[in-house]
1. Any idea how far the Cα center of region 104-157 sits from the one of region 161-181, in Å?
2. Restricting attention to region 11-75, which trypsin sites (Lys or Arg not before Pro) occupy a DSSP loop and are surrounded by at most 14 other Cβ atoms within 10 Å?
3. Would you please name the trypsin sites (Lys or Arg not before Pro) within region 127-200 that are DSSP coil residues with at most 12 other C-beta atoms within 10 Å of their C-beta?
4. As a footprinting exposure proxy, order Glu295, Glu199, Glu328 by other Cβ within 10 Å, with the fewest listed first.
5. Find how many whole Å separate the alpha carbon centroid of region 202-274 from the alpha carbon centroid of region 287-303.
6. Sorted from largest down, give the three principal axis spans of the alpha carbons of region 9-87, whole angstrom values.
7. How charged is the neighbourhood of Lys323? Take every other residue with its Cβ under 9 Å from the Cβ of Lys323, and add Lys/Arg as +1 and Asp/Glu as -1.
8. Once region 136-177 is represented by equal point scatterers at the alpha-carbon sites, with solvent omitted, what log10 I(q)/I(0) does the Debye formula produce at q = 0.20, 0.25, 0.32, 0.33 Å⁻¹?
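Values in this text are rule-based calculations from the coordinates and carry no lab data. These numbers were taken from a predicted model, which means no experiment stands behind them. Neighbour counts run over all protein chains shown; Cβ positions are idealised from the backbone, glycine included.
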Amino acid sequence: MHVNTLILGAGAAGLHCAAFAGTSTLVVDHAKSAGEKIRISGGGRCNFTNLGTTAANFISRNPHFAKSALARYTQWDFIDLMDRYKIAWHEKTLGQLFCDDTAKDIIAMLLAEVANAGGEVWTQTSIGNIRHDGAQFQVALKRHGQAQLVTAANLVVATGGKSIPKMGATGLAYDIADQFGLAVTETRPALVPFTFSDEKFKPLAGVATPARVTTNDGTAFDEALLFTHRGLSGPAVLQASSYWVDGEDIAVSLSPGFDLASALKADRTSEGRKALTTTLAKYLPARLIEFIASELKLSGNTGDLSDVRIEALIADLRNWTLKPSGTEGYRTAEVTAGGVDTNGLSSKSMEAKTQNGLYFIGEAVDVTGWLGGYNFQWAWASGHAAGTAIAAREG
Ligand SMILES: Cc1cc2nc3c(=O)[nH]c(=O)nc-3n(C[C@H](O)[C@H](O)[C@H](O)COP(=O)(O)OP(=O)(O)OC[C@H]3O[C@@H](n4cnc5c(N)ncnc54)[C@H](O)[C@@H]3O)c2cc1C
């Protein structure tokens, strides 16, 4: 069988690419259904983009690489597509857009777009040997147990990263990059909870509080922090994990952006006879206060606090230094940081510099978004960049 374009991976990037790549496009995937990560994302409602998307919301060895694709297919373009399919959406927080109903609507929309463009999707198809014979790609596939050799002028690699192997993630994209002489930057789990070997936060499991989490490079995120049986999670922590380097500390600031010193000074007179722990529990979760009470010597009454003591207490609460022993790894990481080195790709088309007609898009590439819809926006934008480049070449 011959197609003009063979796309490996029917996830967000692969499906969106197929919508633009023109007729004679085949998308293949070993999973049972297309778009499985879209289906489970955002608690089943898919945080499909972010209103504030800019290149600054992405991590890459080359921070400029994503700019071109993001500028040519913006959050507004995807919103327009959603509106055309009458899929209702809402902003939850911080520019994060979610489906009102279900993420399955987005998968159905993408599959309709692929069909409208004349493309075809094969699921439950495994990918074997890949080679370029000088004129075209030859890819050995196995569909429903039957071997099938497909030749293609263009090969788009959209098989994602290593996150959540249980859902079918593999390192295939990195192997293909390697085969065609492209470098791969070091990959690691990102948007992932931290673990602590002593499980010291076990008594606090389930407690959430606003916090600022800062990594050693000075990157800070102000969002919720959640204590878990194994360590720390919540948006502020997941964001920080993408910048964290194994072995380093993180700094946690509790109750950031709130003038706790003035509040405590006022409480000294209004509730001076109350225990300090009781007063603090107005501002921070009571279980957390109980947990840190002995370490921070939170004994005595509120009225006994001196200005110096208040300042020292605030300093402790605002600079809680912790050393994670690791992360929960690819098992739960939302994304894989690192990937196919952008130096080897065109930022306009995502085409490999070492091989004509070979493209890498989506999470497989060394472009990793923050939490909040940015990773899907990168999948849409990079898929569009490759798809339109392929269509233009044909036209
Ligand atoms: C639990 C969870 C929630 C998330 N929520 C959000 C969110 O709300 N917003 C957001 O922006 N991002 C979210 N993400 C991240 C987002 O899902 C990914 O960044 C995005 O799906 C990447 O798109 P992709 O097409 O590059 O890869 P994927 O969507 O991972 O698609 C890759 C496809 O390739 C297939 N494949 C892989 N290896 C092979 C192989 N060897 N042979 C054949 N097929 C193969 C896979 O089956 C898969 O269908 C979430 C991730 C997870 C895990």
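1. Spelled out, the Cα-based centre of one part sits 16 Å from the other.
2. Values: sites: Lys32, Lys37, Arg39, Arg45, Arg61, Lys67, Arg72; in loops: Lys32, Arg45, Arg61.
Here the sparse-neighbourhood loop sites are Lys32.
3. On the way: sites: Arg131, Lys142, Arg143, Lys162, Lys166, Lys200; in loops: Lys162, Lys200.
Sites meeting the loop and neighbour criteria: Lys200.
4. Working: Glu295 9, Glu199 14, Glu328 17.
Going from sparsest to densest Cβ surroundings: Glu295, Glu199, Glu328.
5. With region 287-303 and region 202-274 each reduced to a Cα centre, they are spaced 16 Å.
6. Computed over the Cα atoms, the extents are 35, 27, 25 Å.
7. Working: positive: none; negative: Glu248, Asp249.
Spelling it out: positives minus negatives among the neighbours equals -2.
8. -0.80, -0.99, -1.02, -1.03
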